[in-house]
Structures are given as structure tokens and as C-alpha cells.
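A.B. asks: Dropping the structure in here first, questions after.
The values are calculated or read from the model by the stated rules, or taken from the named source; none is laboratory data. Keep in mind the model is a prediction, meaning the values are calculated, not measured. Positions of Cβ are backbone-derived with ideal geometry, glycine not excepted, and every protein chain shown enters the neighbour counts.
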Amino acid sequence: MPTEEEKMLAGELYAAFDPALVAARTRAKRLLHRLNVTDYVVGDAARATLAELVPHAGENLWIEPPFHCDYGHHIHCGSNVYFNVNCVVLDCARVTIGSNVLFGPGVQLYAATHPLDAVVRRTLEFARPITIGDDCWLGGGAIVCPGVTIGEGCVIGAGAVVTKDVPAYSLAVGNPARVVRSLL
């Protein structure tokens, strides 16, 4: 029988208050406290904390505190990834970020979602993976919804709410975000 984490990562309904998941989120919260409070100035201590929190990252992962995530270890980054202040990554499913990606302040990546049925929602939730290609820039306050893929070379305008996939080398803006032009 699959664990709740295995169900979560497979996009199935899962019990978020499963003791193993609660323990994993508590571990992440302890590391986030260290990053956001104790190691607030980005330096060697903060880099060590980031390596523990986000172990699947390439070189030069830079996160400006404060930063928030659910687990950390479901975030997979390439090299040269920069998160400005106040970013949130709800990594209940895998969040894959390419190389040379920039996140403006307050960007939010939501892999977590909930059933529409209120009775089911009381005890279960589910998640969908998010993928962001190489060489993307997400402007401040942008929100990426569960299950979205943003192709390489994209620019997502500040405040955009990305509810659908964005093809490579596109500029997408608005709520809901829509492609307004090609960047090729």
C-alpha cells in the first residue's frame, strides 16, 4: 500500500495530516526558521541551510529571506536560480525549475490544491507538479497554479496568475495570464 507521500507525489488524494508528512513539514519549518531568522543575511550559514532544505538544486541557488515552502526536498532546481524576498513554494508535488531562472518578490508557486467537494476536502487534498523551463523570469507577485508548465525563455508579468501552460519564449501577463506575444 502506498504511503501518503507517495500518493501526494503521484497526484492522488492524500491525508495531509499523516504523521510522516507532518514530520517532514515540521523539519522544513525548522530549516526555514533558521534561514529566515538566524541566517537572514545570505552567507555561508544560509547556503548550508539552503543545501539542507533544497537538496536537489544546482550551483548558485540564491534565496532572499523570508522564504516559505512546505517540504523543500520536492523542489528541483538547475543552476543560477534566484528567488527575491517573500516567495512561497507549496511543493506538495514536484516543482521543477530550470537554470538561469529569476523570481521577483512575492512570487508564489502552488503545487497544492484541494477537492471541490467540501466533504472530501475536510480530510484529503491533492497536488499537481509545476515545471518552469530554463531562462525564465517571473515578475513580482506572479502566481503559478497547480499542474502548470512554463516553457523555456518565458517572461511572466508582475501580478500574473498562470492557470494554464505557457509555450516557450512567450510573454504572459494578466489574470488569468494570457500570452501577449512571442519573445523570439
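A.B. asks: Among (1) crowded, with 21+ Cβ neighbours inside 10 Å; (2) outside any strand (DSSP E or B), which single condition is Val89 missing?
C.D. replies: Only one criterion in (1) crowded, with 21+ Cβ neighbours inside 10 Å; (2) outside any strand (DSSP E or B) is unmet by Val89, namely (2).
This table checks each residue for (1) in contact (Cβ under 8 Å) with a residue 40 or more places away in the chain; (2) in contact with a Gly (Cβ under 7 Å, 6 or more places away or on another chain); (3) not aliphatic (A, V, I, L, M).
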{"position": "Asn36", "(1), (2), (3)": "no, no, yes"}
{"position": "Ala48", "(1), (2), (3)": "no, no, no"}
{"position": "Ala51", "(1), (2), (3)": "no, no, no"}
{"position": "Ile63", "(1), (2), (3)": "no, no, no"}
{"position": "His74", "(1), (2), (3)": "yes, no, yes"}
{"position": "Asn80", "(1), (2), (3)": "no, no, yes"}
{"position": "Asn84", "(1), (2), (3)": "yes, yes, yes"}
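A.B. asks: Name the residue that is modelled with the highest pLDDT, counting only residues in region 14-47 that are aliphatic (A, V, I, L, M), part of a loop (DSSP other than H, G, I, E, B) and surrounded by fewer than 18 Cβ atoms within 10 Å (Cβ to Cβ).
C.D. replies: Ala15
A.B. asks: Among Thr131, Thr123, which is the only one that is out of contact with any Leu (no Cβ under 7 Å at 6 or more places or on another chain), hydroxyl-bearing (Ser, Thr, Tyr), on the phi < 0 side of the Ramachandran plot and in a strand (DSSP E or B)?
C.D. replies: Answer to the check: Thr131.
A.B. asks: Which ones in region 133-152 are touching an Asp or Glu at 6+ places or on another chain (Cβ under 9 Å) and under 19 Å from Leu90 (Cβ atoms)?
C.D. replies: Within region 133-152, Cys136, Gly147, Val148, Thr149, Ile150 meet the criteria.
Conditions (1) of a type in the set (S, T, N, Q); (2) surrounded by fewer than 18 Cβ atoms within 10 Å (Cβ to Cβ); (3) farther than 25 Å from Ala127 by Cβ, marked per residue:
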| position | (1), (2), (3) |
| --- | --- |
| Ile143 | no, no, no |
| Val148 | no, no, no |
| Gly157 | no, no, yes |
| Asn175 | yes, yes, no |
| Arg178 | no, yes, no |
| Arg181 | no, yes, yes |
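A.B. asks: To continue, here is another question. Taking the conditions exactly as written (within 14 Å of the chain's Cα centre (by Cα), surrounded by fewer than 18 Cβ atoms within 10 Å (Cβ to Cβ), under 30 Å from Val119 (Cβ atoms) and not hydrophobic (A, V, I, L, M, F, W, C)), does His56 satisfy them or not?
C.D. replies: The answer is no for His56.
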